[in-house]
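Derivation of every value follows stated rules applied to the coordinates shown; laboratory data play no part. As the structure is a computational prediction, the values presented were derived from the model and not from experiment. Neighbour counts are summed over all protein chains in view; Cβ atoms, including those assigned to glycine, are modelled from backbone coordinates with ideal geometry.
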Amino acid sequence: MATAVNLEPTSDAEEIAALIARSRSAQAQIAHYSQAQVDNLIRAMVWAVAKPEVAEMIARHTVEETQLGNYEGKYLKIFRKTRATLMDIIDDKSVGVIEEDRERNLIKIAKPVGVIGALSPSTNPEATPVIKAIAAVKGRNSIIVAPHPRAKLTNKLICDLMREAIVKMGAPADIVIGIDTPTVEKTNELMRQCDRILATGGAAMVTAAYSSGTPALGVGAGNAVVTVDETADLDDAAEKIRLSKTLDLAASCSADNAVILVDAIHDTMLAKLVAKGGLVLDNAQKAKLQQVIWVDGHINAKVVAQTPKFIADVAGFAIPEGTQFFIVPETGAGPDHPFSGEKMTVTMALYRARDIDEAIALTNRIQAYQGQGHSCGIYSRSDANIMKLAEGTNTSRVMVNQPQSASNSGNLWNGMRQTFSLGCGSWGGNGTNNNITWRDLINETWVSKPLAVPKILPSDEVLFGDVIAKLG
């Protein structure tokens, strides 16, 4: 009597190994694609999810599944952010010779990495898989996306739409694969078995990425601090802070977590923030809000990216109709002052500073607790103050007169690279400061030819100068 053979994977490691094998086979089929083939692929992948009626459907589906953020914010990300990201990279040369340095007689050739293992968070599950996928495919890689379990159906929906479009373009569907039933164990296996990790998620998952033994591009914690100085256009600043704080109900780690107002404009600017829907909490309300945002020292998932009314109801205090965000007066920073850290809610800590110098010192104190290396911002018309803040803070990005959450990952009004993966440098425990895109997902071969005229080593007098006299 014949014995039935179980052909299903018997472990997480085997299941992921099977996905890796499929992904690697697909990647081999596009490894020598031309630039035109690559660019048509990523155009198709974005159009499949971002055409208006589909974007609307995805936005509603994402909110229904995750219960995070709002439709307007999700729609902007899937409809506009994906288009902007495509526009940002579509004219980049990513195949063959991508750079020539004639002075040094160097030629740089782009080559794929292989299989990219990508992590997608529950807070941005609508656009993250798309943006990471087109960055991977731009470099002629394949990608496997591991979603947060809270967003697994959204991830499947988006990956399936991209896969259908890829097949219609004549390429193998498996250059994009989503993990349909995600677990921490499967995600860890993906990170161990892929060729490069593109990690966006909680601190624990990013740490796991760096510990996997696979080259990883991770991101640091967000805790944006924004300064408004005495030269700022206060009406413009108030509206942009409101927009940044409320976009997708603060699902983004780039939302303004702390705002510093200098003395000269403090009262006037605070009044403008209140007029924009900000509610200044008293000490009793602050204490109640603290109890619901943090539970056992961790952010309470129940209130992340929820409306002000929902949060206030959970906290047990009433708020006026029209409240869009909470303003919590704060003076300290660190674990004894939790509002100085990331909040993932429509809540901003409000600080007062004498001048730009105190604002810089305060920014560094706040971000030494959380968010160092990520980003900060300033509303100012003073180039001196802008540059002083940039030079005096441990940050990778300084956004000037722009809504932080909509700007530091790139937007149409600035020159930042479009991404959802923000490197935070050594300050944030990352290997890069830049906005991560396709250029981080390729290997490069450098071709070095002899210089037409060899360099000449200068004399000791020229090279060492007056150091010789000082040292003898």
Checklist entry - Once amide H atoms are built 1.01 Å from N in the peptide plane, which residues 5 or more positions from residue 227, or in another chain, come under 5 Å H to H? => result 260, 377, 378, 379
Checklist entry - So what is the 222 nm mean residue ellipticity for the chain from helices alone, if each DSSP H run of at least 4 adds -39500 (n - 2.57) and you divide by all residues, rounding to the nearest 500 deg cm²/dmol? => result -12000 deg cm²/dmol
Checklist entry - Kirkwood hydrodynamic radius (Cα pairs, Å) of the stretch 225-412? => result 16.2
Checklist entry - For residue 449, which lysines qualify as cross-link partners when the Cα separation must be under 21 Å and same-chain residues fewer than eight apart are set aside? => result 108, 111
Checklist outcome for this item: Result: in the stretch 225-412 the number of Lys pairs with C-alpha under 12 Å apart, spaced 8 or more or on different chains, is 4
Next on the checklist: Let me check against my output: what whole-number percent is the relative contact order of the stretch 234-291, with C-alpha pairs under 8 Å and at least 6 apart?
Outcome noted: 40
Checklist entry - How much net charge surrounds residue 468 when only the other residues with a Cβ under 10 Å from the Cβ of residue 468 are counted, with Lys and Arg +1 and Asp and Glu -1? => result -2
Checklist entry - Taking K and R as +1 and D and E as -1, what net charge do the other residues with C-beta under 10 Å from the C-beta of residue 418 add up to? => result +2
Item to check | Hz values of 3J(HN,Hα) by residue in the stretch 85-91 - Karplus curve (6.51, -1.76, 1.60), Gly and Pro given as x | outcome: 5, 4, 4, 5, 10, 4, 8
Checklist entry - If you keep only loop residues by DSSP, which trypsin sites (Lys or Arg not before Pro) in the stretch 309-396 have at most 14 other Cβ atoms within 10 Å of their Cβ? => result 354, 381
Next on the checklist: Defining a contact as two alpha carbons under 8 Å apart and six or more residues distant in sequence, what relative contact order in percent does the stretch 321-472 show?
Outcome noted: 14
Item to check | Between the stretch 406-442 and the stretch 18-58, the Cα center-to-center distance that results, in Å | outcome: 22
Checklist entry - What percent do you get for the relative contact order of the chain when only Cα pairs under 8 Å and 6+ apart count? => result 17
Item to check | Per-selection metrics, the chain (Cα): Rg and Dmax in Å | outcome: 24.5, 94
Checklist entry - What shape does the stretch 348-472 take by its C-alpha gyration tensor, where a ≥ b ≥ c are the square roots of the eigenvalues and a/c under 1.5 counts as rounded, a/b above b/c as prolate, and the rest as oblate? => result oblate
Checklist entry - If you keep only loop residues by DSSP, which GluC sites (Glu not before Pro) in the stretch 290-365 have at most 11 other Cβ atoms within 10 Å of their Cβ? => result 321
